[in-house]
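**Q** Right, I'll just put the structure down here and ask away after.
The numbers here are math on the coordinates, done by the rules we state, and not lab data. Remember, it's a predicted structure, so these values are computed and weren't measured experimentally.
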Amino acid sequence: MNTPEPGSPESAVRDRQLIVVSGPGGAGKGTLVEGLVERDPTLWLSRSWTSREPRTGEAPDAYVFVDRATFDAHIDAGGFLEWVDFLDYRQGTPLPDPPPGHDVVLEIDVQGGATIVERFPDTLLIFVDTPDRDEQRARLVGRGDPPEKVEARMKHGDEERRLAATMAYTTVINDNIDDAVTAIEVLIAAARARPAASDVAHERPGS
């Protein structure tokens, strides 16, 4: 793994708490993340890029919406921390440049979370899920996903759950927005209170 140049956006992230929020389609990740950032002014949301079209009713700033050629050019320029092919489009995390004094929230899939935690071991991994698969399906249908997309997202969600179970993800069930945001706030507070892995590694016996 290449070490980022001093002063680069990736290097600047190393002294921040990174929070990765993942979960299956329909879990309500976007709503939870927005509520989280509204409550805590020291959090900064990194907007993912996507090559898909905005969904009906989706906020124009939910993602940075670009065409495939623009996305691929950004890959070639080294502009992403991670990116992934997702169903019929690409999605990626741009190199973040958070304001001073802010920790970084990344709303990305589990595969992306694995890449981030490999580079930044102190990353807090949170997996947001629905109470059950029936509720997930109902939410996907309710937001207007066509039947073939619902089935694809249900299958992908099962794959994400299996992968998350092999990693250090903490699961938060989103059956009530306020309660779920509060649960994530507690996890962030605990992560911020922990010593960084690099600090622990440099401790000496008797120091």
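**Q** No solvent, one uniform scatterer per C-alpha: report log10 I(q)/I(0) for the stretch 14-193 via the Debye equation at q = 0.12, 0.14, 0.16 1/Å, two decimals.
**A** -0.54, -0.75, -1.01
**Q** What shape does the stretch 121-185 take by its C-alpha gyration tensor, where a ≥ b ≥ c are the square roots of the eigenvalues and a/c under 1.5 counts as rounded, a/b above b/c as prolate, and the rest as oblate?
**A** Cα axes put the stretch 121-185 in the oblate bin.
**Q** Relative contact order for the stretch 1-135: what percent, with Cα pairs under 8 Å and sequence separation of 6 or more?
**A** On the way: 211 pairs, mean separation 54.2, N = 135.
This gives 40 percent for the stretch 1-135.
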